[in-house]
Structure formats: C-alpha cells, structure tokens
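Enquirer: Sharing a structure here in structure tokens format.
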Amino acid sequence: MASAMSRLIRAGQVSEHNGALFWKDFENDWSLINVLLISTEIVERAVSLARRYHLQTYDAVHLAAARTWQEMLVEPVALATFDRELWQAAQWDGMHVYPEQSR
C-alpha cells in the first residue's frame with residue numbers, strides 16, 4: 001500500500017494531502033484486513049513466480065500470497081492490482097483478477 005501510494009504521489013495522480021488522507025483511512029481499516037504471514041513456502045513460491053513471469057519481488061510475493069490464501073480458503077480469491085505486469089501474471093497463473101481488464 002505504501003509503495004502504491006508513493007508511486008501515485010510521485011506521478012502526480014494523487015496530492016500529498018489526499019495521499020495522507022488515504023493512508024489514514026487505510027490505517028483505520030487495518031483491523032478489517034486479513035493479513036497473511038510470509039512463510040518460507042510463500043517465499044519459495046514467489047521466487048518461482050518471479051522467474052516464470054519476470055515479476056519484481058514485491059509483485060511475486062503478492063501473487064504467491066494470493067495463491068496460498070486461495071488454497072487455504074479452497075475457493076476463488078481475486079487479486080486486486082492496478083500493476084499491469086502483476087495483473088497479467090495473476091491471470092496467466094489462473095487467478096481471478098480485479099479489475100477485470102488491465103489498464
């Protein structure tokens with residue numbers, strides 16, 4: 001979240017003021033968010049995904065965590081991202097993605 005918000009601010013798509021407001025909302029909602037601890041299994045899976053789809057490290061970890069969470073729940077999980085490369089890799093890897101079309 002911090003990386004995405006910083007990128008939007010740097011790109012001029014979000015003002016510093018609005019970025020701070022969004023971050024405050026995120027912090028307020030933190031208790032409602034399911035947090036998955038990063039295990040050795042997730043790291044190993046992320047390495048494999050990074051190599052297979054040429055992903056950056058954080059993106060590979062996000063995809064590996066989403067796949068692991070989906071397997072734990074035994075039901076479809078949608079990976080939400082506006083990162084084009086992660087969106088495409090998730091789709092190639094059989095994940096449901098949000099939004100339904102890449103930007």
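Enquirer: Just add up the charged neighbours of Arg67: K/R +1, D/E -1, any other residue whose Cβ is under 10 Å from the Cβ of Arg67.
Expert: Working: positive: Arg45; negative: Glu71, Asp93.
Spelling it out: positives minus negatives among the neighbours equals -1.
Enquirer: To continue, here is another question. Angle between the Cα long axis of helix 16-29 and the longest principal axis of the chain, 0 to 90 degrees, nearest 10?
Expert: 50 degrees
Enquirer: Rg to Rh ratio, the chain, alpha-carbon atoms and Kirkwood radius?
Expert: Working: Rg = 14.6 Å, Rh = 14.8 Å.
Value, to two decimals: 0.99.
Enquirer: Moving on. When ranked by the protection proxy of mean other Cβ atoms within 10 Å per residue, highest first, what sequence do the peptides 4-14, 23-33 form?
Expert: On the way: 4-14: 12.8, 23-33: 9.5.
Taking the mean over residues of other Cβ atoms within 10 Å, the ranking is 4-14, 23-33.
Enquirer: Roughly how many nanometres apart are two label points built 7 Å out from the Cα toward the Cβ at Asp93 and Glu16?
Expert: With each label point 7 Å from Cα toward Cβ, the separation is 3.6 nm.
Enquirer: Let me ask another. Go through Trp23, Ile33, Val77 and say which Cα lies farthest out towards the positive end of the charge dipole of the chain; charges sit on Cβ, +1 for Lys and Arg, -1 for Asp and Glu.
Expert: Result: Trp23, furthest along the dipole toward the positive end.
Enquirer: Something else: Provide the gained length on full extension for the span Leu32 to Thr57, in nm with one decimal, where the gain is 0.36 nm per separating residue minus the Cα-Cα distance. Could you put the intermediate results ahead of the total?
Expert: Numbers: separation 25, 0.36 × 25 = 9.00 nm, distance 2.56 nm.
This chain segment gains 6.4 nm when fully extended.
Enquirer: Taking the Cα centre of the chain as origin, sum charge times position over the Cβ atoms of Lys and Arg (+1) and Asp and Glu (-1), and report the length of that vector in debye to the nearest 20. Each step should come with its number before you reach the end.
Expert: Working: 9 positive and 13 negative charges, 71 e Å.
Approximately 340 debye in magnitude.
Enquirer: For Leu79, which sequence-distant residues (separation of 5 or more, or a different chain) have an amide H within less than 5 Å of its own amide H, given hydrogens modelled in the peptide plane?
Expert: Hits under the 5 Å cutoff: His96, Val97, Tyr98.
Values quoted throughout were computed directly from the atomic coordinates according to the rules given, and no laboratory measurement underlies them. Not measured: the values here are computed from a predicted model. Virtual Cβ from ideal backbone geometry, glycine too; neighbours counted across all protein chains shown.
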